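Peer 1: Please find one structure pasted underneath; my questions will follow.
The values are calculated or read from the model by the stated rules, or taken from the named source; none is laboratory data. The shown structure was predicted, so the numbers you read here are calculated from the model rather than taken from an experiment. For neighbour counting, all protein chains shown are included, and Cβ atoms are generated from backbone atoms with ideal geometry for every residue, glycine included. Please note that ligands, DNA and RNA were not included when accessible areas were found on the heavy atoms of the full protein model with its side chains. Shrake-Rupley method; radii C 1.70, N 1.55, O 1.52, S 1.80 Å.
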Amino acid sequence: LLQAATDFANYPGSHSDDSATDFLNRFPLPLIINALQTQFDVPGLETTLVVCLERLFKTKFGASLIPQYMQFVQVGLQSDSQAVRSLACKTVTSLLENAHLIKIYPLLLDCLINGNEEVAAGAIDAIKKLASFSEGLDIIFPIIASQCSSLGRVRVLALVVKLFSVSTSAASAICSLNLLKLLEAEIRSTDDTLVTLSVFELLYELAEVEHGTEFLSKTSLFQLLSSIISDDSKDSILRSRAMMISGRLLSKAKSVISSIDGRLSNKDEFETALESLGQIGLTIRGAKLLLSPAARHAIDAAFDRQGHGRQLAALHALGNISGETRSELDAEAEENLLRLLYETASRSSKLTPSGLFLSVLQQDSEIRIAGYRMISGLVSRPWCLMEICSRQEIINIVTDETTKIGMEARYNCCVRINKSLTQSSRVSADPAFAGIAAKLQEAVGLGPYLHHREAQPIVMTADRF
């Protein structure tokens, strides 16, 4: 049995129903289950049989046998062996009907709270499948988290988040039972910073769900995050994570943006705040909120050489806000962006945005790459295209990056400038820019690495002998 199970477990590729049938004809399931429960003294047998059964139950034929052996599954869910408990959880997810799932739900919940990481993950997958049945939702809720350890509470909250993603009906059930209040309660608690940080990550996952924002907007989570960001008495790492998660996920909340804006006065958190503003600026709606007025900090810092880290974060934030990865903004936001950039330039020694852009591109490769992203986002605007084309030095740098790590960013920037130039009849028709247009087209045609080709081995036939 051990040898045959080893061969079956290590077989490359997927098993067919025929191979599963052949194996079970030689070694019936009762025999395998009995060996798993009794032959503890055979080295490697448990691990091999667990993998073997896992692969068997992934076949349609194997899955069809599971309902006949639900007693084994129930025993397996309560086993002292974590490997067997994990197998039982995975076996449950292969069930083709939900009646048996409903019966063993309490055992799955115990595996979630008290099993190891692999067992808990398997339990969550099984309960998620149960939640996909309308009858399953009726028995899953409510879930009591207050009686668990801190690890158990986090796992229960992870289950809530996973179930939330199953469907809008599951999300609605979770909200109607106030289960999101469990998240709020853990975030409000200051007893365990690690638990709070874990819950922050779950909140991030929750808001990534397609229908997540619709339900989140009805809770007090936005206000709670805003209060954490504004509270000087909170642990700095909590404020930083709250800013980052807010920036990534909560771009609709003006109160959050205002709170992040307030943290920009703290030099230790300035870079984190800039990064979070950049995450907000990834969306059109977020960028529109930022451009009146919080983006001024990102624009000011993007051209301030007093701090490398903060300038780098600001340049990437400005690239996001200006649309390096998305379409343009509405008229009001565009006007604010133009005004903020020209105001920043007028207060500097460079006087014009083109002077600011050039000063960025003349710095080290890390700053220069961030500058390429920023220009890629801005250059679709006619005013910015004119600023770029008015400085031959900018075109020279953009068309001939020599640092390998920056070549792809340089090329993407070059493509964006060339595209904007081609689409702008006003600029492309100007004879003064004919040379620039030709240089850009040539650079685009050469590709990301220009004439810098990788070395290729050349082996002549005679050299091989």
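Peer 1: What shape does the stretch 374-446 have by the C-alpha gyration tensor, where a ≥ b ≥ c are the square roots of the eigenvalues, rounded means a/c under 1.5, and otherwise prolate means a/b greater than b/c and oblate the rest? Display every interim value, and only then the final one.
Peer 2: On the way: a/c = 1.85, a/b = 1.50, b/c = 1.23.
Prolate, because a/c is 1.5 or more and a/b exceeds b/c.
Peer 1: What is the distance in Å between the Cα centres of the stretch 65-92 and the stretch 302-333?
Peer 2: 53
Peer 1: Can you list the residues, at least 5 places off or on another chain, whose amide H is less than 5 Å from the amide H of Thr219, using H built in the peptide plane?
Peer 2: Here nothing satisfies the definition.
Peer 1: Here is a follow-up. Please name whichever of Leu130, Leu108, Leu24 sits farthest to the positive end of the charge dipole of the stretch 1-140, dipole taken about the Cα centre and charges placed at Cβ: Lys and Arg +1, Asp and Glu -1.
Peer 2: Farthest towards the positive end: Leu130.
Peer 1: In addition: Pull up all non-local amide H partners of Ser380: gap of 5 or more, or a different chain, and H-to-H distance under 5 Å with H placed in the peptide plane.
Peer 2: none
Peer 1: Cross-link partners among lysines for Lys90, C-alpha distance below 18 Å, same-chain residues fewer than 8 apart left out?
Peer 2: Lys58, Lys60, Lys103, Lys128, Lys129, Lys162
Peer 1: Can you work out ³J(HN,Hα) from phi for every residue in the stretch 39-48, in order, using Karplus 6.51 cos²θ - 1.76 cosθ + 1.60 and θ = phi - 60°, giving whole Hz and x for Gly and Pro?
Peer 2: Karplus-based 3J(HN,Hα) across the stretch 39-48 equals 8, 6, 8, 8, x, x, 5, 4, 4, 5 Hz.
Peer 1: Post the alpha-carbon centroid distance, the stretch 354-396 to the stretch 12-26, in whole angstrom.
Peer 2: Value for the Cα centre distance between the two parts: 62 Å.
Peer 1: What accessible area per residue comes out for the stretch 1-140, rounded to a whole number of Å², with a 1.4 Å probe?
Peer 2: Per-residue value: 49 Å².
Peer 1: Each label point is 7 Å from the Cα along the Cα-to-Cβ direction; what then is the distance between the points at Ala331 and Phe40, in nm?
Peer 2: Going by the 7 Å Cα→Cβ label model, 7.9 nm.
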